Amino acid sequence: MNRFLSKVSITFGKRYLFPIAAIATAGSALLYDNINPDYRSRISLSIHAPLHELLLLPSKTPHELTLHPSFISSDHWQLGNLGIFNSRVSPVPSEDIKEEAPRDIKKEAPAEGKDGTKPSCGCLGRDTIANAAAKAGPAVVNLSVPQGFHGISTGTSVGSGTIIDADGTILTCAHFVVDCRGRRPMSKGKVDVKLQDGRTFEGTVLNADLHSDIAIVKINSKTPLPTAKLGSSSKLRPGDWVVAMGCPLSLQNTVTAGIVSCVDRKSSDLGLGGMRREYLQTDCAINAGNSGGPLVNVDGEIVGVNIMKLLAADGLSFAVPVDSVAIIIEHFMKNGRVVRPWLGLKMLDLNEMIIAQLMERDPTFPNVSKGVLAPVVIPGSPADRAGFLPGDVVIKFDGKPVESIKEITEIMGDRVGTPIVAVVKRANNILLTLTVVPEEANPDM
């Protein structure tokens, strides 16, 4: 401390206690102020030149810092032009810093939006989560569906949803608005909808897909409805901040925050059978009633629909990626349901390490740099009839190079009954062209 701080002098307007605690080790400092702001006080610190150069302070003689009580805010301590934050610096300035002339750095604050929220600057600030919640929050609704058996009421199913269109279109999940056993809307398709502003509506279930757990509910309003914007889940990375919103346990306007833990959690990883699905995994706290609520990014855009959590663990929540939701909505609009083509192949994405391992185990494995492996061909399936064999590697599908199952799925779209040409490489580098005609998948698969 003596290395940097050579003199401290304190003057008071009146004789009142002014406790000061100063710690100056390795360039960090802490000041505690309990002074009455009605009286003028002055603290003078004389510091050696090396520390002055390190902090890049405007030059004063003799390197004097002055603190005025009116400068102290709840955000940070401020000494003259220097803000003291919880940051650490090297006790000995580098040569580059020594040679650099002192300068003033001014940052222009971003302008506020029309709704009073501050735009995202690409970093997590004190208002980032609050701004995201404020942007999407008004469009988040509470949904309740009466349950019954042969006319006898057995309770109410409660969930959440988001208004995604001003015409009253609400995005939610299917498992609490559809009878999973009978695959029909519960309570004759009627849903009670409550907005955050207190308005209530009776909604109707328009579409529901149990496989993806996505449903659309519609309400009619003569007054304007708040909406939330669909974002992009493909831009998410593990570690990105996200916000879960909804009405857990009927507690409306509940907001929790966390990070993305995994962007492509496979349904098989969770022990879920049926067709392959992918989820966003987060550590946001969600509970019963959050189902159907939005998962939003720091810009307040919907990036997923919260549908489930693991009961045996904390911080393991899952959402349907909004990019998948957008495709499902397109199917609803085009066909009134989701049409899924089926090939009858069990597939595996290949990368360099997997290819090298497979070639080491089996010298006859085809020499490829990328592609999709088909280790299993279901007997009697479209792929079986087209001539696929276990171990084939799909390198082209419908004339396009492919290296992932997702790409094959996107190419097929809803093309059922339409021939698609596939180029495969077989053991001993045999190149074949096969024509497969996808069938519509059984919804129970």
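The values are calculated or read from the model by the stated rules, or taken from the named source; none is laboratory data. Everything numeric in this text was worked out from a predicted model, so none of it was measured. In this analysis, Cβ positions are derived from the backbone assuming ideal geometry, glycine residues included, and neighbour counts consider all displayed protein chains. Just the protein is used for accessible areas: all its heavy atoms, side chains included, with ligands, DNA and RNA removed. Shrake-Rupley method; radii C 1.70, N 1.55, O 1.52, S 1.80 Å.
Counting only heavy atoms of the protein chains, get the accessible area per residue of the range 217-302 (1.4 Å probe) and round it to a whole Å² value.
Values: 3950 Å² over 86 residues.
I get 46 Å² per residue for the range 217-302.
Suppose every Lys and Arg Cβ carries +1 and every Asp and Glu Cβ carries -1, with no other charges. What dipole size does the range 189-346 come out with about its Cα centre, to the nearest 20 debye?
Values: 17 positive and 15 negative charges, 96 e Å.
My answer is approximately 460 debye.
What does the charge add up to near Thr256, with Lys and Arg as +1, Asp and Glu as -1, over the other residues with Cβ less than 15 Å from its Cβ? Mind dumping the intermediate values first?
Numbers: positive: Lys309; negative: Asp283, Asp314.
Spelling it out: positives minus negatives among the neighbours equals -1.
Just give me a number: lysine pairs in the range 286-445, eight or more positions apart or cross-chain, with C-alpha atoms less than 18 Å apart.
Value for the range 286-445: 11.
Classify the range 281-337 as rounded, prolate or oblate, taking a ≥ b ≥ c as the square roots of the eigenvalues of its Cα gyration tensor: rounded when a/c is under 1.5, otherwise prolate if a/b is larger than b/c and oblate if not. Don't skip to the end; give the middle numbers.
On the way: a/c = 2.80, a/b = 1.76, b/c = 1.59.
Taking the square roots of the gyration eigenvalues as a ≥ b ≥ c, the range 281-337 is prolate.
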